[in-house]
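The values are calculated or read from the model by the stated rules, or taken from the named source; none is laboratory data. Please read all numbers here as calculations on a predicted model, not as lab measurements. Counting neighbours? That spans all protein chains shown, and the Cβs are built from the backbone with ideal geometry, glycine included. For the accessible areas, the whole protein counts, side chains as well, though only heavy atoms, and no ligand, DNA or RNA atoms are used. Shrake-Rupley method; radii C 1.70, N 1.55, O 1.52, S 1.80 Å.
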Amino acid sequence: METKPPYQIERLETPMQLDALEKEWAELITEIPEAPVFLSWEWIRTWWFYFGDHRELWLLTARDTQGRLLGIAPLLIERQRIGLLPLRVIGFIGIGLTRPVNLNILTHPSDPKGILQAFLDFLLGQSKQWDVIRLFPMSKDAEICTLLNNGNGRFRTGVKTVNAYIPLPDSWDAYAKTLTKKLRRNLKYFRTKLEDDYPGGVRFAYLTDPHGLPAVMNKMEELNKGRWVSKKRVSNYAYSNYSAFHEAFAMLMLERGWLRLNQLIVSGN
């Protein structure tokens with residue numbers, strides 16, 4: 001009879017413990033190519049710095065008998081109320097204003113089910129520490145959904161995923177072939193019209209200099225606020241930590257070569 005490999009589950013509770021995990025986290029995530037940037041150490045650590053107040057860090061790690069890091073569950077606990085009922089809710093780090101998508105529990109591909117089961121067993125064994133587990137917005141193909149659905153009716157699962165990105169091919173021509181004929185025609189028409197309306201004043205720019213990032217981020221914030229004002233709604237940039245978080249994380253991405261920040265500039269605006 002095959003036995004489950006033992007995993008040591010540890011709960012990290014302080015930013016210092018999170019900081020110490022940086023190198024191992026990077027090594028683990030290289031084994032999981034489908035992991036979104038929202039599960040990187042850089043995102044999690046930056047988010048916690050700006051939004052961790054009034055929340056409790058509940059980040060779980062799974063290690064094998066040799067101490068090798070094989071799994072990370074980036075979780076937190078926050079206090080919520082439903083009516084008059086106070087609840088301690090476990091959720092993913094990153095929830096709230098920043099609206100990440102396709103969240104998941106990081107598991108080494110050698111034994112994803114076994115690692116997830118070890119995390120779930122640990123959480124259930126700590127049930128006096130929390131009242132509700134709400135894991136969203138989760139990747140629709142997350143393996144833990146299967147485990148929860150096999151939980152003898154103790155769990156309720158559902159899928160509601162909004163992807164805020166599209167995968168891009170290597171060239172514009174290759175991407176254009178994926179579009180409808182009408183959309184390709186409209187793109188050509190509006191670009192031509194813009195260049196006719198602002199002769200010599202239309203250009204595309206690609207940010208590579210970190211010193212130019214604050215100005216670009218400020219412009220993006222200005223455009224975002226203007227868009228929401230036109231809809232008579234308030235932009236998330238109205239919150240100072242939201243703006244600071246995005247600038248800090250953008251700088252990290254630029255330093256690591258992850259950021260592709262393109263600008264369309266019209267008449268210098």
message: Condition check: under 20 Å from TRP48 (Cα atoms), among the hydrophobic types (A, V, I, L, M, F, W, C) and open to solvent by 30 Å² or more (accessible area, probe 1.4 Å). Does MET253 satisfy that?
response: yes
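Can you name every residue in the stretch 194-216 that is of a type in the set (Gly, Ala, Ser), surrounded by 12 or more Cβ atoms within 10 Å (Cβ to Cβ) and assigned to a loop (DSSP other than H, G, I, E, B)?
GLY201, the sole residue that qualifies.
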query: Taking helices (runs of 4 or more DSSP H) that do not extend beyond the stretch 1-90, which have at least 1 residues that are in contact (Cβ under 8 Å) with a residue 60 or more places away in the chain?
result: 22-29, 41-51
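Let's see how each residue does on (1) among the basic types (Lys, Arg); (2) within 30 Å of ALA244 (Cα to Cα):
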residue: ASP19; (1), (2): no, yes
residue: LYS23; (1), (2): yes, yes
residue: ARG45; (1), (2): yes, yes
residue: PHE51; (1), (2): no, yes
residue: HIS54; (1), (2): no, yes
residue: LEU75; (1), (2): no, yes
residue: GLY83; (1), (2): no, no
residue: ILE93; (1), (2): no, yes
residue: THR107; (1), (2): no, no
- prompt: Among the residues of the stretch 217-249, which ones are part of a loop (DSSP other than H, G, I, E, B) and basic (Lys, Arg)?
  reply: LYS231, LYS232, ARG233
message: If LEU116 satisfies all but one of (1) aliphatic (A, V, I, L, M); (2) open to solvent by 50 Å² or more (accessible area, probe 1.4 Å); (3) within 25 Å of ARG68 (Cα to Cα), what's the number of the condition it fails?
response: (2)
message: Contact list please: Cβ distance under 8 Å, first residue in the stretch 227-249 and open to solvent by 100 Å² or more (accessible area, probe 1.4 Å), second residue assigned to a helix (DSSP H, G or I), pairs at least six apart or on different chains.
response: VAL234/TRP228
query: Can you tell me which residue in the stretch 91-144 is farthest from PRO33 (Cα to Cα), limited to those that are of a type in the set (D, E, K, R) and not in a loop (DSSP other than H, G, I, E, B)?
result: LYS128
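Condition check ((1) closer than 15 Å to PHE92 by Cβ; (2) buried (at least 16 other Cβ atoms within 10 Å of the Cβ); (3) among the charged types (D, E, K, R)) across all residues:
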| site | (1), (2), (3) |
| --- | --- |
| ALA35 | yes, yes, no |
| TYR50 | no, yes, no |
| ASP53 | no, no, yes |
| PRO74 | yes, yes, no |
- line: The correct count of residues that are modelled with pLDDT under 90 and either open to solvent by 20 Å² or more (accessible area, probe 1.4 Å) or on the phi > 0 side of the Ramachandran plot (or both) in the stretch 102-112 is 2
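Residue-by-condition table, conditions (1) modelled with pLDDT under 90; (2) of a type in the set (A, V, I, L, M, F, W, C):
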position	(1), (2)
MET220	no, yes
SER230	yes, no
TYR239	yes, no
HIS246	no, no
MET251	no, yes
query: For the stretch 250-269, how many residues meet the condition of being over 15 Å from ASP209 (Cβ atoms) and either outside any strand (DSSP E or B) or without any contact (Cβ under 8 Å) to a residue 40 or more places away in the chain (or both)?
result: 6
In the stretch 148-190, residue nearest to LYS113 (Cα to Cα) [restricted to those that are at pLDDT below 70 and in a helix (DSSP H, G or I)]: LEU148
- line: Given (1) out of contact with any strand residue (DSSP E or B) (no Cβ under 7 Å at 6 or more places or on another chain); (2) within 15 Å of VAL266 (Cα to Cα); (3) of a type outside the set (Phe, Trp, Tyr); (4) open to solvent by 100 Å² or more (accessible area, probe 1.4 Å), LYS219 misses just (4)
field: Condition broken by ARG260, with the remaining ones in (1) in contact with a Leu (Cβ under 9 Å, 6 or more places away or on another chain); (2) over 30 Å from TRP48 (Cβ atoms); (3) modelled with pLDDT under 90 satisfied
entry: (2)
